[in-house]
Amino acid sequence: MSTRIRVFMFFAIGHMVLVALGMAHIGVLPVTTISGKALRVYTGVSGADKGYGFFAPGVRHQERAMFLMTDAAGKKWESDLGFGQSAEANLRLGSTANVLREVDDETAFHFMRSMAAKMFQRHPTAQTIKVQVQAYGIKLPGASNGVPPIDFPTMAEFRSGQRPQWIDLYSLTFQADEAGQTVAVLDNQGILK
Amino acid sequence: MIERETIKRGGRRVAAAMTEFFTAPASSKPLAVFRIGLAAVLLAQAFALAANVTDLFGREGLIQWDVTYDGTDRSAMAWAYPHLSWFDGLFATLGLSETVGVYVMFSLYVTSLVFLLVGFKTRAACIATFALQLILSNSSPATVYGVDSFARVSLFYALWMPLGAVYSIDAILQRGGAVNSSAARIGLRFLQLHMALMNLASGIEKGMGAQWWDGEAIWRAVTMPELAQYDMMWLANYPWLPILLGWATVILEVSYIAAVCNRRTRLPIVLAVIGMHLGIALFLGLVSFASLMIVLNVSAFLIPSEPTSLKQTAAQFTPQSIAAVAA
């Protein structure tokens, strides 16, 4: 085996160890260290940090963003994120709403502001846009902070007559300022999630 | 007591077997199929996204650059992840608006994929495709999903593999490298290893959730509005079917690593996994994802990798190649 092959094999095996650790969601070094940062960059760029738990350990209920536009005359109309020109584009655009539950309130606010800005581009006559986040499921017993947990019905629940529906979770209303930037009008007492 | 010499001999045998396993020359055909399949799937995906390029990747896209660049948990290390906003200055220097600049980057990505598909300047095409896929997906992190992860991983491996040795313009021009090589064997082995580990990890993670054992995961996936292709609500009346499919999925993925190691079980397990991905395409509409997974499975395990003679390979191509062998 040539030296070149030996060196290549050494790095390839090291890479595969990182892949296995990434799959197991095990971080090797803290990202506060230089070597930890370098490793984080390497695994991020190479894809070695990817987990493969697709739909695991379970499939979560779906969330979506709906947009309620109101023009100067008070006319209202609705739209969603299904403005892609292909199924692949719509899958990507629609899935952004699912990211909202993964991030903190501040990031969620910026995502919703950004979505509203896109909708102002698509609906230039709109004066205000309400971004309403909804979950597809049924309300379950028990509540935390007055908000009932929501989940997709099990097969048994479905057989007993319970049907999933879109349930409002939280919303923000935006209006365009003179510079064309979106301005949030908090209509939820500052609590998003 | 085992003698030291016996241990040394055993160690040498293991090392020799490992060397043979990882470096014995292999045909480049499986890697050529990997290259063609990967490029074809990513090209089809790019065409499907072409009409919404600015919505997905533009500064004023659905999720704007100021959110994707500074609003994620990677913000502290954003410098390490190339983003379209890095090219603002370049676009301005070239007199391009940001929108045109984004289209130029996307067009370069498509062009590099075409080069990769036909195997022209294969190595350079591979590097360009990898870099541009990285930039585009980093600029649109809220819209990426499984297929993008696999594209990233596949393109990273592609950087190191001899992909242009056969079935390529580079091969016709006799600059694609050796048809049979240790590099091809190493590339193929690590692709196989990644596929096997990935299936194991996926199966274990699924198996840790109750939903895969009681059928609820299948029920939810095929009825979720985002993914559902047909009205599958009737499944609730036949719970045995999603339970069976859930168990089959977990068992299939967990046993994949062992089954592909055995010549007799390799074909059945890979065909079963391909069947599973056809089901994902058909019932969940994840066509790009399923297509890429099928390409990876076929190229890693179903294309014979036994070295072929140069004469055999050349006979499939040009008169020049045949002449070279004859000479």
Would you tell me the accessible area of A:Lys130, worked out with a 1.4 angstrom probe on the heavy atoms of the protein chains, in Å² to the nearest 10? 70 Å²
For B:Ser305, A:Ser2, the accessible-area ranking with a 1.4 Å probe, largest leading, is A:Ser2, B:Ser305
Taking the Cα atoms only, what angle lies between the long axis of helix A:87-99 and the longest principal axis of chain A, rounded to 10 degrees? 90 degrees
Residue-span extension gain [A:Arg4 to A:Ile26] - 0.36 nm each, minus C-alpha spacing: 4.9 nm
How high is the FRET efficiency between B:Thr6 and B:Gln174 when r is their beta carbon distance and R₀ equals 45 Å, given to the nearest 0.05? 0.35
Quick one: among A:Thr33, A:Thr125, A:Thr70, which has the greatest mean-square fluctuation in a GNM of chain A with alpha-carbon springs under 10 angstrom? A:Thr33
Hits among lysines - C-alpha to C-alpha of A:Lys130 under 28 Å, sequence gap 8 or more where chains match: A:Lys75, A:Lys76, A:Lys118, A:Lys139, A:Lys193
The summed charge of the B:Trp219 Cβ neighbourhood (under 12 Å; Lys/Arg +1, Asp/Glu -1) stands at -1
Among B:Thr111, B:Thr19, B:Thr54, determine the one that fluctuates most according to a GNM of chain B built with springs between C-alpha atoms less than 10 Å apart. B:Thr19
Roughly how much of B:Ile172 is accessible, in Å² to the nearest 10, using a 1.4 Å probe? 70 Å²
Per the rule of 0.36 nm per residue minus the C-alpha distance, extending B:Ala17 to B:Arg264 adds in nm 86.8 nm
Just A:Met119, A:Met66, A:Met23 to compare: in a GNM of chain A, with alpha carbon springs under 10 Å, which one fluctuates most? A:Met23
Which distance in nm do the two modelled labels at B:Ala51 and A:Ala87 give, with both placed 7 Å along the Cα-to-Cβ direction? 1.5 nm
Between B:Leu241 and B:Val114, what is 0.36 nm times their sequence separation minus the Cα-Cα distance? Round to one decimal in nm. 41.5 nm
Looking at B:Phe21, B:Phe115, B:Thr93, which one has the Cα that reaches farthest to the positive end of the dipole of the stretch B:8-136 (charges on Cβ: Lys, Arg +1; Asp, Glu -1)? B:Phe21
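The values are calculated or read from the model by the stated rules, or taken from the named source; none is laboratory data. Bear in mind the structure is a predicted one, so any value in this text is a computation, not a measurement. For neighbour counting, all protein chains shown are included, and Cβ atoms are generated from backbone atoms with ideal geometry for every residue, glycine included. Side chains are part of the model used for accessible areas, which takes the heavy atoms of the whole protein and leaves out ligands, DNA and RNA. Shrake-Rupley method; radii C 1.70, N 1.55, O 1.52, S 1.80 Å.
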